[in-house]
Amino acid sequence: MWKKESGFKPWLLDSTIDCCRFMKKTYNPFANIVFNIYKEFSNFNHTCPYEGIQVVKDFYLRSELLRLPIPSGEYMLSMNWYFYKNLQANTNITFVFLEDLINRD
């Protein structure tokens, strides 16, 4: 995860997750948050093996799924997808998060 401050800088964490292992048992809390953000927009929410085209379609970020307390700013979630130790895809999701301090309930 990256935060924009004079260019995108590493922020929060850098982690490697085995997707096949994770899909069998969601063992990583951060990966679980990321997975819950995009799972309803994708067709790869099952265990390995993955065959054919894997798609994330019509994705939009809903703030209620972003369960991390983060400060206002511009962020990028960059992911490299490896299956069987081979790079299969790169994804970069950029978003702006604005904390609404005036209208807090």
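Just so you know, all these numbers are worked out from the coordinates, no wet-lab data involved. Only a predicted model underlies this, so the values are computations on that prediction, with no experimental measurement involved. We place every Cβ from the backbone using ideal geometry, glycine too, and count neighbours over all the protein chains shown.
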Self-check item: Structure-derived mean projected area of the Cα convex hull in nm²: which label, when the choices are (i) 9.2; (ii) 8.0; (iii) 5.9
Solution: (ii)
Exercise. Specify the angular offset, from 0 to 90 degrees and rounded to the nearest 10, of the alpha carbon long axis of helix 29-38 from the longest principal axis of the alpha carbons in the chain.
Key: 90
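Is it possible to state the helix-based mean residue ellipticity at 222 nm for the chain, with each DSSP H run of 4+ residues giving -39500 (n - 2.57), the sum divided by total residues, to the nearest 500 deg cm²/dmol? What is it?
Values: 2 runs with 16 residues, N = 105.
Estimated from H runs of four or more residues: -4000 deg cm²/dmol.
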Quiz prompt | Residues I53, I33 arranged by fewest to most Cβ contacts within 10 Å | solution = I53, I33
Quiz item: Quick one: length gained pulling S42 to D18 fully straight, 0.36 nm per residue minus the C-alpha distance?
Solution: 6.8 nm
